[in-house]
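Report on the structure given below.
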């Protein structure tokens with residue numbers, strides 16, 4: 001495996017990548033240079049794969065990697081429910097036009113997860129369906145539907 005040095009010393013490079021990984025998990029979308037994006041994608045993929053296991057060792061490993069505890073809690077509590085049964089491919093990297101100032105190749109990284117709004121709507125629909133089906137199956141007399149009167153006379 002080749003290491004992308006990114007023109008930085010080891011400590012600076014590691015902290016830069018950890019900071020980008022933390023930002024990507026918190027904000028779910030980050031724009032950066034293409035070289036940094038390629039280096040961060042594999043790191044975040046590994047973190048999300050570990051979070052799907054949900055073990056204490058995985059949580060400790062994430063705490064050691066990420067700078068913000070909010071990112072760790074989001075990684076282990078929010079993201080596994082939104083992964084849609086994926087086992088890999090959690091991050092999409094899209095190339096953007098070059099930066100005007102220095103011509104650096106830019107890229108956008110984003111998490112491929114179900115939006116929270118969709119999950120809330122699905123849960124609400126599931127709850128409504130359960131209620132209706134339990135009422136109609138238990139006792140037909142307790143249903144909320146009123147009988148229709150025959151108006152043909």
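The values are calculated or read from the model by the stated rules, or taken from the named source; none is laboratory data. The structure displayed is predicted, hence computed values, not measured ones. FYI the Cβ positions are ideal-geometry reconstructions off the backbone, even for glycines, and counts take in every protein chain you see.
Among the residues of the stretch 41-56, write down those that are without any contact (Cβ under 8 Å) to a residue 40 or more places away in the chain and crowded, with 20+ Cβ neighbours inside 10 Å. Scanning the stretch 41-56 gives 47, 51. Please verify whether the stretch 12-19 includes one or more residues that are surrounded by 20 or more Cβ atoms within 10 Å (Cβ to Cβ) and either touching a residue at least 60 places away in the same chain (Cβ under 8 Å) or assigned to a loop (DSSP other than H, G, I, E, B) (or both). No, that holds for no residue. Is it the case that the stretch 21-40 has a residue that's at positive phi, part of a loop (DSSP other than H, G, I, E, B), in contact (Cβ under 8 Å) with a residue 60 or more places away in the chain and surrounded by 11 or more Cβ atoms within 10 Å (Cβ to Cβ)? Within the stretch 21-40, one or more residues are at positive phi, part of a loop (DSSP other than H, G, I, E, B), in contact (Cβ under 8 Å) with a residue 60 or more places away in the chain and surrounded by 11 or more Cβ atoms within 10 Å (Cβ to Cβ).
Hey, could you check the stretch 68-96 for residues that are in a loop (DSSP other than H, G, I, E, B) and either farther than 18 Å from residue 112 by Cβ or in contact with a helix residue (DSSP H, G or I) (Cβ under 6 Å, 6 or more places away or on another chain) (or both) and say which is modelled with the highest pLDDT? The residue in question is 68. Is it the case that residue 84 is exposed (fewer than 13 other Cβ atoms within 10 Å of the Cβ) and either closer than 16 Å to residue 49 by Cβ or in contact (Cβ under 8 Å) with a residue 24 or more places away in the chain (or both)? When the stated conditions are applied, residue 84 passes them. Taking (1) modelled with pLDDT of 80 or more; (2) surrounded by 11 or more Cβ atoms within 10 Å (Cβ to Cβ) in turn, residue 135 satisfies each apart from (1).
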